[in-house]
Amino acid sequence: MFQPKTKNKSTKRNPEPINVLSSEELTRYYREMLQIRRFEEKAGQLYGMGLIQGFCHLYIGQEAVVVGMQAAAKTQVDSLITSYRDHGHMLATGMTPRGVMAELTGRKGGYSKGKGGSMHMFSREKKFFGGHGIVAAQVPIGTGLGLAHQYNEDGGVCMTYYGDGAANQGQVYESFNMAALWKLPVVYVIENNHYGMGTSVSRASATQELYARGTGFGIPGVRVDGMDVVAVKAAGEIALNHARNGDGPYILGMQTYRYRGHSMSDPAQYRTREEVSQVRAERDPIDRVRQQIIDGKHASEAEIKNIDDEVKAIIADAAEFAQQSPEPELSELYTDVLVEA
Ligand SMILES: Cc1ncc(C[n+]2csc(CCOP(=O)(O)OP(=O)(O)O)c2C)c(N)n1
Ligand SMILES: [Mg+2]
């Protein structure tokens with residue numbers, strides 16, 4: 001298990017590790033993770049009602065990964081890119097629940113004017129570069145974004161997320177070679193949720209320590225408890241500093257878990273219900289930080305309830321907006337298809 005390193009300048013005078021988080025930080029991470037969870041639950045409901053159609057991959061269970069990484073990032077300059085399991089990443093960058101939900105329902109008010117759907121949303125303003133449906137295709141693109149950061153000398157790092165299944169794709173290793181050769185500012189964040197579409201990582205991967213696969217290219221990597229937002233943030237800071245300082249890419253192997261099916265149609269015959277219940281009961285990232293907040297007296301039960309209510313209202317508003325926003329006009333069929341530079 002990954003242990004975040006703490007730098008104690010003087011152990012005698014200051015026994016507190018310096019990465020102890022403030023009440024404000026912990027409650028903010030709680031709120032951000034909860035917002036993703038509630039958003040995804042609502043998206044699942046709207047899907048069941050036929051208001052969302054097509055592909056839709058929920059991020060429930062994995063919230064601590066993206067929230068912890070964004071907490072570690074310099075969000076003014078750092079970019080991110082991920083797969084089709086992307087709603088949580090968008091919300092964590094500050095993209096609005098209204099805009100994301102309306103895109104899911106295929107409405108004009110969505111980030112791609114209702115023409116992209118779940119897997120095709122972008123925000124240059126928030127430095128979110130998608131949303132990619134082809135497994136691992138985002139890895140070379142993220143590496144290219146790293147090259148752009150280096151070329152433009154903007155001080156940014158690209159956080160390139162991919163799954164345990166994607167980790168077996170050849171283009172990941174072509175990207176590793178180039179990133180290491182040119183010392184590109186890229187942090188590869190592997191979201192090892194232990195399953196691809198219907199196969200466990202233990203059945204599909206010759207080795208399961210996916211973070212160690214940069215060894216042949218000289219890229220450092222560590223295993224991180226991806227169900228612990230505090231551990232994610234600590235590891236994220238080390239990795240981002242490394243890349244930002246010109247030392248090249250870094251790999252973070254996040255151990256996480258998805259609670260729902262791969263997509264909305266998944267017979268889930270590859271795991272037992274008991275396994276899912278056990279992870280939910282023992283390792284849930286939101287329950288964990290809630291407990292940390294209570295135990296450390298960072299907020300009262302009433303203050304936490306307030307956060308819960310506020311998040312609920314934001315998601316209800318997003319769902320309402322996503323149903324009220326009109327569908328795009330037919331004349332929009334051929335717009336935004338090609339950008340002429
Ligand atoms: C190149 C390619 N092959 C196969 C698929 C079908 N497919 C979609 S998701 C997926 C599993 C990927 O699993 P993982 O990388 O672990 O990501 P997760 O869904 O767990 O987030 C597969 C095989 C695809 N979209 N693209
Ligand atoms: Mg997976």
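The values are calculated or read from the model by the stated rules, or taken from the named source; none is laboratory data. Computed from a predicted model, the values in this text were never measured in an experiment. Note that we place each Cβ from the backbone using ideal geometry, even for glycine, and neighbour counts take in every protein chain shown.
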- prompt: Here is a list of conditions, (1) in contact (Cβ under 8 Å) with a residue 24 or more places away in the chain; (2) within 14 Å of ligand 2 (Cβ to nearest atom), and Ser202 meets all of them except one; can you say which number that is?
  reply: (1)
- request: Those residues that are surrounded by 20 or more Cβ atoms within 10 Å (Cβ to Cβ) and assigned to a loop (DSSP other than H, G, I, E, B), I need them from segment 61-77; list them, please.
  value: Gly61, Gln62, Ala73
Extreme residue, surrounded by the most Cβ atoms within 10 Å (Cβ to Cβ), among residues of segment 245-276 that are under 26 Å from Met119 (Cα atoms) and of a type in the set (Gly, Ala, Ser): Gly253
task: Find the residue count for segment 190-244, including only residues that are over 30 Å from Ala268 (Cβ atoms), of a type in the set (S, T, N, Q) and under 20 Å from the mean Cα position of the chain (by Cα).
output: 1
message: Here is a list: Gln138, Gln171. Which entry is under 19 Å from Gly253 (Cβ atoms) and surrounded by fewer than 21 Cβ atoms within 10 Å (Cβ to Cβ)?
response: Gln171
task: Name the single residue, out of those in segment 176-199 being among the aromatic types (Phe, Trp, Tyr) and surrounded by 18 or more Cβ atoms within 10 Å (Cβ to Cβ), that is farthest from ligand 2 (Cβ to nearest atom).
output: Phe176
- line: (1) aliphatic (A, V, I, L, M); (2) outside any helix (DSSP H, G or I); (3) in contact with a helix residue (DSSP H, G or I) (Cβ under 9 Å, 6 or more places away or on another chain) all hold for Val337 apart from (3)
task: Determine if segment 213-230 includes at least one residue that is within 16 Å of ligand 2 (Cβ to nearest atom) and of a type in the set (S, T, N, Q).
output: no
- line: Within segment 147-167, residues being within 15 Å of ligand 1 (Cβ to nearest atom) and not hydroxyl-bearing (Ser, Thr, Tyr) number 5
- prompt: Are any of the residues in segment 108-115 within 19 Å of the chain's Cα centre (by Cα) and within 16 Å of ligand 1 (Cβ to nearest atom)?
  reply: no
field: Condition check for Gly48: more than 11 Å from the chain's Cα centre (by Cα), closer than 21 Å to Gly117 by Cα and free of Cβ contacts under 8 Å to residues at least 40 places away in the same chain
entry: yes
query: What number goes with the only condition from (1) closer than 30 Å to Phe321 by Cβ; (2) away from ligand 1 (no atom under 16 Å from the Cβ); (3) within 17 Å of the chain's Cα centre (by Cα) that Gly133 does not pass?
result: (2)
- prompt: How many residues are hydroxyl-bearing (Ser, Thr, Tyr) and crowded, with 18+ Cβ neighbours inside 10 Å if we restrict to segment 310-341?
  reply: 1
- request: Identify the residue in segment 244-267 that is part of a loop (DSSP other than H, G, I, E, B) and more than 14 Å from ligand 2 (Cβ to nearest atom) and, among all such residues, is nearest to Val20 (Cα to Cα).
  value: Asn245
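So that you can scan it fast, the table gives a plain yes or no per residue for (1) acidic (Asp, Glu); (2) more than 16 Å from ligand 1 (Cβ to nearest atom); (3) under 30 Å from Phe39 (Cβ atoms):
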site	(1), (2), (3)
Glu174	yes, no, no
Asn177	no, yes, no
Val187	no, yes, yes
Arg213	no, no, no
Lys233	no, yes, yes
Leu240	no, yes, yes
Arg258	no, no, yes
message: Among the residues of segment 40-58, are any at pLDDT 95 or above, crowded, with 24+ Cβ neighbours inside 10 Å and either under 20 Å from Val224 (Cα atoms) or touching a Pro at 6+ places or on another chain (Cβ under 7 Å) (or both)?
response: no
- request: Kindly provide the set of residues from segment 149-165 that are surrounded by fewer than 22 Cβ atoms within 10 Å (Cβ to Cβ) and within 16 Å of ligand 2 (Cβ to nearest atom), ordered by number.
  value: Gly165
field: Selection within segment 280-309 - surrounded by fewer than 17 Cβ atoms within 10 Å (Cβ to Cβ) and in contact (Cβ under 8 Å) with a residue 60 or more places away in the chain
entry: Arg280, Gly296, Glu303, Asp308
Conditions (1) within 20 Å of Ala73 (Cα to Cα); (2) under 21 Å from the mean Cα position of the chain (by Cα); (3) away from ligand 1 (no atom under 15 Å from the Cβ): number failed by Lys183: (2)
